[in-house]
Amino acid sequence: MKPFAYARVTTLEDALAAAREPGTVVLAGGTELLNWLRLGISGPDRLVDISRVAGLDRIERLPGGGLRIGALVRLNHVAADEDVERDWPVLREAIHRSASAQLRNLATIGANLLQKTRCPYFRSEDSAPCNRRVPGSGCGARQGHDERHALFGWTEDCIATQPSDPAVALAALDAQVVTRSASGGRRIAVTDFHVLPADGVDRDTVLEHGELIEAIELGAPAPRSAYVKVRERESYEYALASAAATVELDDGGRIESARIALGSVALRPWRLTEAEHRIAGLAPDDPAVTAALAAALEQAHPVPGSAYKIAIARGAARRALMTAAEVHP
Amino acid sequence: MSAPQFADHVDLRLRVNGVVRALDRIDARVSLLDLLREHLELTGAKKGCNHGECGACTVLLDGHRVNGCMVLAAAADGREVVTVEGLASDGQLHAVQRAFIEHDAFQCGFCTPGQVISAVACISEGHATEEREIREWMSGNICRCSSYPQIVEAVKAAAAAENNPPPR
């Protein structure tokens, strides 16, 4: 690991001032950053520890029924929150299916969105072709092992996927990322937060250098919501594919509105917007719902080794939707 | 507001197993795990993968179980750490340690300190009521000898003993 200088800050102002200096990276929970440092994915001159910045570790109810989750709230604390459990179960489930209890006690909800891909060429300890690690070196996975890769939105430059579980739930919830920077701050929809390869492989998110996530904001409660994660072992493993769904039912039990996001199929959570519109007005167990989800997955353009994930993603989407609607077909 | 002082070595004070330890000029890159093992001679927590994937380095940080390899020692300054060496008291092993022995919950023993610390936390969190829950909430501790059935039994027994302590 390359030497760096460390400092801890306790105010957001100090954090912003330090983070905008060149060669500086930000430490929060550390569960990603420490591995980036070890692998040489990141090699900063300075590391600013923001984990004790005051005020970013709270969860507050918003006027209008939403929820503001401070960026530094640890994943396990988000999942244990009573409001989250009651009103946004999809987020609680996605967190509980992430990583391990130990890692969730460290990892923060804000920086969880900054996870980088698990593509083995990107994470390689030896030099392997990867346009994200070494610009212009090529995509090792495109010519090699491509069985944990993208179904949507990839290019010849990069076929990787975004591995975060909470991000998928947050995308289905239309959550907002609230940021602060020297010039002010902004609100970014989680669905617009990650950068697809077509827009460049030199960055993972739209966050600018020195811009910090202050909070994640949830809108209206989504008590009918669920997360389904399919993986090669029952726990403590990344998804082959996952799905988050929220649904509102009318008095007759038909779908009034639904939101569905897939995980681990692209470099951002992938919303099935067209299918969401098509299933409005249908009973959750109507065969037309299954057909709409199948049609959505027919638009997938998988890399060859990952074509098998289409059926998994389709099944996960259906199961998440049925579970959210409390229908057991 | 004073500008933060960046330094490549840091002075640390932290409470480890109930004792305040002061360390000077520790390289900023040192992990909490390496601080314990290399600077404080506490080799209970093991370095398995050094990537947060195996759980052999699990310790309690301010009462919460964490992977010692994923925490910078500098970031643990001022915190309270408990390792497997800090569990026994008055010459008596902790109830979880006794349960691991009684249930043969290990073969080679390399993962055991992490398993034991993780189990202590799992029980105090209230995540040890039944087998499925124990398996889920202990999944961050990998056992290459695959002693999982015995580990589950040990955690279950220790949790039950904690809820119904024997008369002393």
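You will find that of B:G68, B:G48, B:G44, the residue that is under 20 Å from A:A28 (Cα atoms), modelled with pLDDT of 95 or more and not assigned by TED's automatic domain parsing to the domain that holds B:Q115 is B:G68 and no other. Segment A:161-260 holds strands (runs of 3 or more DSSP E) entirely within its bounds, and those carrying 3 or more residues that are more than 19 Å from A:G70 (Cβ to Cβ), in contact (Cβ under 8 Å) with a residue 40 or more places away in the chain and aliphatic (A, V, I, L, M) map to A:225-230, A:241-249. Of the candidates A:G138, A:G110, the single residue that is over 24 Å from B:E136 (Cβ atoms), in a loop (DSSP other than H, G, I, E, B) and either more than 18 Å from the chain's Cα centre (by Cα) or away from chain B (no Cβ under 14 Å) (or both) is A:G138. Let me confirm something: among B:C57, B:C69, which residue is under 14 Å from the mean Cα position of the chain (by Cα) and in contact (Cβ under 8 Å) with a residue 40 or more places away in the chain? Being under 14 Å from the mean Cα position of the chain (by Cα) and in contact (Cβ under 8 Å) with a residue 40 or more places away in the chain holds for just one of B:C57, B:C69, which is B:C57. Looking only at residues that are basic (K, R) and within 14 Å of another protein chain (Cβ to nearest Cβ) in segment B:92-146, which one is surrounded by the most Cβ atoms within 10 Å (Cβ to Cβ)? Here the residue is B:R135. The residue of segment B:1-38 that is farthest from the other protein chains (Cβ to nearest Cβ), among those that are under 24 Å from the mean Cα position of the chain (by Cα) and among the basic types (K, R), is B:R21. Comparison of B:H51, B:H64 shows that the only residue that is on the phi < 0 side of the Ramachandran plot, at the interface with chain A (Cβ under 10 Å from one of its Cβ atoms) and under 11 Å from the mean Cα position of the chain (by Cα) is B:H64. The residue list A:A5, A:A71 contains one member that is of a type in the set (G, A, S) and closer than 27 Å to A:P163 by Cβ, which is A:A71.
This table checks each residue for (1) more than 14 Å from chain B (Cβ to nearest Cβ); (2) of a type outside the set (F, W, Y); (3) within 18 Å of A:V177 (Cα to Cα); (4) not in a loop (DSSP other than H, G, I, E, B).
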{"site": "A:L34", "(1), (2), (3), (4)": "no, yes, no, yes"}
{"site": "A:R52", "(1), (2), (3), (4)": "no, yes, no, no"}
{"site": "A:D57", "(1), (2), (3), (4)": "no, yes, yes, no"}
{"site": "A:R68", "(1), (2), (3), (4)": "yes, yes, yes, yes"}
{"site": "A:D83", "(1), (2), (3), (4)": "yes, yes, no, yes"}
{"site": "A:Q102", "(1), (2), (3), (4)": "no, yes, no, yes"}
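The values are calculated or read from the model by the stated rules, or taken from the named source; none is laboratory data. Please read these numbers as outputs of a predicted model, since none were measured by experiment. When we count neighbours, we look across all protein chains shown, and the Cβ atoms used for this are built from the backbone with ideal geometry, even at glycine.
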